[in-house]
C-alpha cells in the first residue's frame, strides 16, 4: 500500500467509545446503544473500563435468559475486554478477532482505551484493498 494509506487500527476505529457505569440497568444500557447507534457498550467499574456488552448479549442473556430490565449491566458484561494498540495493522486486529471469536476489539493509545473496532469496520479495509470503495 502507498504511504499514508489507511491500514492501522486507529484509521478504522469509532471514537469515542460509548460506556455506562456497572450499576446501570440493562434497560438503560440498551437505550444508550439504540440512541448512539452502536453495537456494543463498554462497562465501567469505579471509572475504569472492565467489561463489554454487545447487542448479542441483550438478545441471549436478557431476552433469552428472561432477565428483568432492572438487572445491573454488570450481570451480563463480558470480561476481559480485548484490546490492541491503534498503531497495529488492521490485519492483526482482524486475525485477533477471528482467533478469539469476538466481533469487537477496543483500541488503545498509550494504554488508554480510545476507540472500538467491529468486524463490520474491517470490511472497509477489504473494500479498499479490492478497490471497491467509493
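Assorted remarks:
- Identity of the residue in the stretch 115-134, without any contact (Cβ under 8 Å) to a residue 40 or more places away in the chain and under 22 Å from residue 18 (Cα atoms), that ends up surrounded by the fewest Cβ atoms within 10 Å (Cβ to Cβ): 123
- Number of residues in the stretch 2-58 that are in contact with a helix residue (DSSP H, G or I) (Cβ under 8 Å, 6 or more places away or on another chain), under 28 Å from residue 89 (Cβ atoms) and not in a strand (DSSP E or B) equals 10.
- Residues of the stretch 29-43 satisfying the condition of being surrounded by 17 or more Cβ atoms within 10 Å (Cβ to Cβ) and over 12 Å from the mean Cα position of the chain (by Cα): 29, 30
- Matching residues, the stretch 84-106, being within 14 Å of the chain's Cα centre (by Cα), within 14 Å of residue 6 (Cβ to Cβ) and in contact (Cβ under 8 Å) with a residue 60 or more places away in the chain: 86, 93
- The single condition from (1) farther than 30 Å from residue 127 by Cβ; (2) more than 13 Å from the chain's Cα centre (by Cα) that residue 50 fails is (2).
- Residue list for the stretch 68-87, filter: farther than 12 Å from residue 49 by Cα and out of contact with any strand residue (DSSP E or B) (no Cβ under 7 Å at 6 or more places or on another chain): 68, 75
- Selection from the stretch 82-114 of residues that are closer than 16 Å to residue 16 by Cα and in a strand (DSSP E or B): 83, 84, 85, 104, 105, 106, 107, 108, 109, 112, 113, 114
Where a number appears in this text, it was derived from the coordinates with a stated rule and is not lab data. Here the structure is a predicted model, which is why all the values come from computation and not from measurement. Ideal geometry is used to build each Cβ from the backbone, glycine not excepted, and the neighbour counts take in all protein chains shown.
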